[in-house]
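Reading through the structure tokens given below for one structure.
The values are calculated or read from the model by the stated rules, or taken from the named source; none is laboratory data. None of these values were measured; they are calculated from a predicted model. Quick reminder, even Gly has a Cβ in these numbers, built from the backbone with ideal geometry, and neighbours come from all protein chains shown. These area figures cover heavy atoms from the full protein model, side chains too; ligands, DNA and RNA do not enter into them. Shrake-Rupley method; radii C 1.70, N 1.55, O 1.52, S 1.80 Å.
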Amino acid sequence: MPDATRCAAARPCSAVYCDRCDLLVGLDGLRVAGVERRGDGVLVIDAESPPGPVGCPECGVVAESAGRKVLVLTDAPMGGTPVRVRWRKRRWRCRQDGCGVRSFTEQNPAVAAANKALTARAVAWAVAQMRRENASVRGVARQLRVAWRTVWTHVEAELQCREQDPGRFDGVEVLGVDEHLWHHVSTKPVADGGRGPMELTGMVDLTRDATGRVRARLLDLVPGRSSKAYADWIKERDEQFRAGVKIAALDPFAGYKKALDDATAVLDAFHVVKLGTAAVDDVRRRVQQDTLGHRGRKGDPLYGIRNILRAGRERLTDRQRSRLDAAFATREEHVEVEVAWHAAQQLRDAYRHPNLVEGHKIAEKVLESFPSCPIPEIARLGRTLTQWRAAFLAYWATGRSSNGGTEAVNGLIELARRIARGFTNYDNYRLRMLLIAGGLDPLTPT
């Protein structure tokens, strides 16, 4: 009976392999012939395919062995240890007269693509680290003990392959759009060595899955913030995509509204509530100047409640409510701030109401009362909402469609940009953001 604790690689016959070593290393189609740890801590694995007849790829005649060629590949880390694979690739000659192939070398795409320095699973590991663990390219390169360029060359090729898949645009019914700044330097053209426009427009898939949950994923990032940037991207998609988009969630920017005429435009709840909160801040600052003649300072009643005014009333403690009441009662002029705060809370109530019909009724009251409000900031907000009336009320007609998923994607983008300490190349930036925001993930049926 053979010794169950003894590795087969320790036996004199090198043609005998250890199944347990093969299972542990997991190189598809290759067998482990030896393992060693170098002085620098790198784990080196010798691997080869088992012997056997091989036919010529052109004529099919059994080829003659021409020895081996050793190729060193960088593999995914194992137990936190950098790994190198010495692949003893087999070489053959074709002796068939008239065959165009004189010699050829063993290839195995499951192990590594031709002319690559990283194994296929090292590339997959690097992509997963960037996608799920917020790893930077430099951080991945440090773990693999290779150069930044080595990692990015392999990852970029993988991301470009995924990006070319037309199926990633399938099934989009709700499309979100928003802008963000991808750099804060000069807008000098790329041809002149600059980074181009500071602003990018992002398109996000906000379609709900079978359970009704939105799983936002970034579809694309295009330079500029204008109706043309958005409309041009829409035109580049096929007719099936354009016909499939039923709802477009957007912020109060008219340029975006014009791009998808056939879809129902929905004004984003976050931006609307933000406009209401900004109106209250404007009223507070104006009344502060009118009554005290200076900006808010410590001890000023309105300055002391500035943060409380931005909170929802359902979140206020008894102490915070008392502070509000006391500040409102300090001066008669403070009644404007109180009215503005109640108006902004009414706007929030419309979105927060659990019943869509009742929420819609509150929104209708907002449209009726705000434009005629004697407080100029609230009247201005009312006029803005009136201009966007259909898109504002569409929130309650479309089952609370919003651009919240787009804001979540923007949060992921901001995090990735901070970890990378900024980007200088738009193409690299676009691919990285598509990766971290789910735009390049394989689609799964819902």
Q) Which percent of the accessible area of the chain is formed by carbon and sulfur heavy atoms (probe 1.4 angstrom)? A) 50 percent
Q. To one decimal place, what Kirkwood hydrodynamic radius in Å is obtained for the stretch 171-327 from all pairs of distinct Cα atoms?
A. 19.1 Å
Q. Where nothing but the Cβ of Lys and Arg (+1) and of Asp and Glu (-1) is charged, how large is the charge dipole of the stretch 138-179 around its Cα centre, in debye to the nearest 20?
A. 600 debye
Q: Work out, step by step, the length gained on full extension between residue 124 and residue 238: first 0.36 nm times the residue separation, then minus their alpha carbon distance; give nm to one decimal.
A: 38.0 nm
Q: Would you mind getting the accessible area per residue of the stretch 174-263, heavy atoms of the protein chains only, 1.4 Å probe, in Å²?
A: 49 Å²
Q) Which lysines have a Cα lying under 25 Å from the Cα of residue 89, excluding residues fewer than 8 positions away in the same chain? A) 69, 116
Q | Highest-fluctuation residue, 180, 154, 334 considered, GNM on the chain with Cα pairs under 10 Å | A | 334
Q: Among the trypsin sites (Lys or Arg not before Pro) in the stretch 205-249, which ones are in a DSSP loop with at most 13 other Cβ atoms within 10 Å of the Cβ? Mind listing them?
A: 213
Q.
Two decimals, Cα atoms only, Kirkwood Rh: what is Rg/Rh over the stretch 286-402?
A. 1.02
Q | Net charge dipole size for the chain [Lys, Arg +1 and Asp, Glu -1 on Cβ; Debye, nearest 20] | A | 1500 debye
(Q) With just the Cα atoms defining each centre, how far is the stretch 11-87 from the stretch 170-194? Give it in Å. (A) 45 Å
Q: Kindly provide the trypsin sites (Lys or Arg not before Pro) of the stretch 298-369 that DSSP labels as loop, not H, G, I, E or B, and whose Cβ sees at most 12 other Cβ atoms within 10 Å.
A: 298
Q: Compute the Rg to Rh ratio over the stretch 239-347 from the alpha carbon atoms, using the Kirkwood formula for Rh, and round to two decimal places.
A: 1.18
Q.
I'd like the Kirkwood hydrodynamic radius of the stretch 33-160, using the inverse of the mean 1/r over distinct C-alpha pairs, in Å.
A. 16.3 Å
Q: Return, ordered by residue number, the residues of the stretch 305-328 whose backbone nitrogen is under 18 Å from a label point located 7 Å along Cα→Cβ of residue 292.
A: 305-310, 323-328
Q) When the distances between all Cα atoms of the stretch 93-226 are binned every 10 Å from zero, what whole-number percent does each bin get? A) 10, 23, 30, 23, 8, 6, 1
Q.
Using only the Cα atoms of the chain, what are the Rg and Dmax in Å?
A. 31.2, 105
Q. Near residue 297, within a Cβ-to-Cβ distance under 13 Å, what is the net charge of the other residues, with Lys and Arg +1 and Asp and Glu -1?
A. +3
Q | Cα-based helix-to-principal-axis angle, 376-387 vs the chain, degrees rounded to 10 | A | 60 degrees
Q | Helix axis angle, 227-236 relative to the chain longest principal axis, alpha carbon, degrees | A | 40 degrees
